């Protein structure tokens, strides 16, 4: 077998605990925080856990600074897939999911999904790869401090073998710890490593030996040149296709920051219906006639949305609609062509002509959904 371009590491080792509070909060020296008076404050000690006993703040003139500080939302820019060093990490490597994994093995996927939904606002404890991801984030910070235009950065991809329904807790946990991660792939399949090559992954971190072996075997993998006959694979874009274009309109008028603020404010409100929603619901109805494992239909969501800032509302909308999606990819603005080449759908729906062209470049049948007619 040809030598791998990627590096695969099994992270199934004990975490070195240098701080008794390490499992309850990340360490970020001099983190900028903002209070409800819109005053900015800076942590005086190396700790960002708001309930941590060692936390101290410089009040900067605010009389209530100590009692109501919240982190300032950082503005993230999409990484350049042509220059970034892409690192894929499984959810079980970055977070401690051993109890949840045991539940999955003993009681099955449905009980596991119910558990994750019931605990979606409860942050998962750090896993063995957590400190490594923090260090990578720190390196990116230092690089950008030196040269704000630098695009040769680390790019983190979180990979999960579970359904998008289980993904809200994963995204919430990453946000809780201040991890600058925007790309999440939730794959309802036993082997999620099939997507490593299409993401240009150079380093893969996993706590599962099977994942590691599958990744190694895929070192010389090439996607098929045509879509398989079965099952039916249908890929939907999100905004202006499956969902309405309400957030796109905000983006056009107020830019990315305005769109992110809108999504966060509307997180509990389902997104409006898009032109392909009825078709997707029909597929979902047909799909429910079969068990998930033997269904002849597989549906995918491939959206330019950031999983960190805009992913939760999309997942909650699908839940509200009762629309099952087998796999969801929040691309954070990255090109969709490589993922589509791996999925090899029978058809791909998108409202962006540049995405249609990208799909055609990799031989994927596609249909343009015009947003204005």
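Observations on the structure shown:
- Each peptide in 143-149, 305-311, 247-253 was scored by the mean count of other Cβ atoms within 10 Å over its residues; highest first, the order is 305-311, 247-253, 143-149.
- Here the gap between residue 85 and residue 135, fully extended at 0.36 nm per residue and compared with their Cα-Cα distance, gives a gain of 16.6 nm.
- Taking every DSSP beta bridge that has both ends in the range 232-368, the antiparallel portion is near 5%.
- By average C-beta atoms within 10 angstrom, highest first, the peptides 319-328, 118-127: 319-328, 118-127
- Relative contact order %, the range 232-368, counting alpha carbon pairs below 8 Å whose residues are six or more apart: 30
- Pairwise label distance in nanometres, residue 102 with residue 176, each label 7 Å out on the Cα-Cβ vector: 1.9
- With the simple spin-label model, which puts each label point 7 Å out from Cα in the Cβ direction, the residue 279 to residue 194 separation comes to 2.3 nm.
- In terms of Cα atoms, the Rg and Dmax of the range 233-335 work out to 13.8, 45 Å.
- When each of the peptides 358-365, 154-161 is scored by the mean number of other C-beta atoms lying within 10 Å of its residues, the order from highest to lowest reads 154-161, 358-365.
- Full-stretch length increase - residue 145, residue 268 - with 0.36 nm per residue and alpha-carbon distance subtracted: 40.7 nm
A short reminder: the numbers here are calculations on the coordinates, not readings from a lab. What you see is a predicted model, and the numbers here were worked out from it, not measured in a lab. Virtual Cβ from ideal backbone geometry, glycine too; neighbours counted across all protein chains shown.
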